[in-house]
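The values are calculated or read from the model by the stated rules, or taken from the named source; none is laboratory data. A quick note: this is a predicted structure, and the numbers were derived from the prediction, not measured. Backbone-built Cβ (ideal geometry, glycine too); neighbour counts: all protein chains shown.
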Amino acid sequence: MVNDNMLDEYDKKILIQLEKDGRKPYSEIAKHLNISNTMVHQRVNRMKKIGILKGAGIILDERKLGYEWSAFTGLVLKEDSDSKLIIEELRKIPEVTECYYITGQYTLYIRIVAKSNEHMRSVLYDKIDHIAGILKTESMIDFGAAFKRNVSVEL
């Protein structure tokens with residue numbers, strides 16, 4: 001497990017710069033922090049290796065791609081020990097974009113996207129409800145994120 005002591009002030013400053021713009025050239029980060037380009041490369045590579053940086057990717061606008069509906073769905077399982085098998089089946093459903101282990105009345109909590117009300121119904125009833133081991137689902141429609149963010153990097 002990574003702890004805060006593994007990161008020094010420069011690591012944290014680099015993370016802050018990358019969070020602002022993940023595509024920012026390392027040379028610009030180096031210039032802004034008054035350090036060498038090589039130092040930025042080495043530190044970014046180290047933070048990737050130890051798992052702090054999980055990579056850089058693109059963020060798709062689901063609504064502009066036609067996915068007008070989104071729901072958070074809690075899954076009650078017949079046996080919690082079946083969760084790994086159920087997760088593998090959920091991975092096969094492209095409309096399931098996230099899956100979490102949680103505590104409380106549900107074992108798993110998923111996020112589903114769909115292009116229409118009928119599409120959402122089909123995903124829930126024709127795909128998810130047919131997975132062996134799922135006892136019950138409960139969905140809440142998502143009207144959009146008020147905000148999303150990473151944890152803050154404290155200096």
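Could you grab me the full set of residues in region 132-146 that are at negative phi and either assigned to a strand (DSSP E or B) or not acidic (Asp, Glu) (or both)? Before the answer, list the steps.
Taking region 132-146 and keeping what is at negative phi, we get 132, 134-143, 145-146.
Passing the criteria: 132, 134, 135, 136, 137, 138, 139, 140, 141, 143, 145, 146.
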Inset, instruction - Would you check if residue 48 is closer than 30 Å to residue 24 by Cβ, out of contact with any helix residue (DSSP H, G or I) (no Cβ under 8 Å at 6 or more places or on another chain) and either assigned to a helix (DSSP H, G or I) or assigned by TED's automatic domain parsing to the domain that holds residue 108 (or both)? - result: yes
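From 123, 113, 76, grab the single residue that is loosely packed, with under 15 Cβ neighbours inside 10 Å, in contact with an Asp or Glu (Cβ under 9 Å, 6 or more places away or on another chain) and over 30 Å from residue 13 (Cα atoms).
Numbers: 123 fails: loosely packed, with under 15 Cβ neighbours inside 10 Å; 113 fails: loosely packed, with under 15 Cβ neighbours inside 10 Å.
Unique residue meeting the criteria: 76.
Yes or no, residue by residue, for (1) farther than 30 Å from residue 153 by Cα; (2) aliphatic (A, V, I, L, M):
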position: 58; (1), (2): no, yes
position: 61; (1), (2): no, no
position: 83; (1), (2): yes, no
position: 86; (1), (2): yes, yes
position: 92; (1), (2): yes, no
position: 98; (1), (2): no, no
position: 103; (1), (2): no, no
position: 106; (1), (2): yes, no
Legend entry - Residue match in region 113-133 (condition: at pLDDT 95 or above and within 30 Å of residue 47 (Cα to Cα)): no
Legend entry - Top-ranked residue in region 49-94 [being touching a residue at least 24 places away in the same chain (Cβ under 8 Å) and of a type in the set (Val, Ile, Thr); ranked as farthest from residue 113 (Cα to Cα)]: 50
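Among 84, 78, 31, which is the only one that is charged (D, E, K, R) and outside the structural domain of residue 118 (by TED's automatic domain parsing)?
Details: 84 fails: outside the structural domain of residue 118 (by TED's automatic domain parsing); 78 fails: outside the structural domain of residue 118 (by TED's automatic domain parsing).
After ruling out the rest, the residue left standing is 31.
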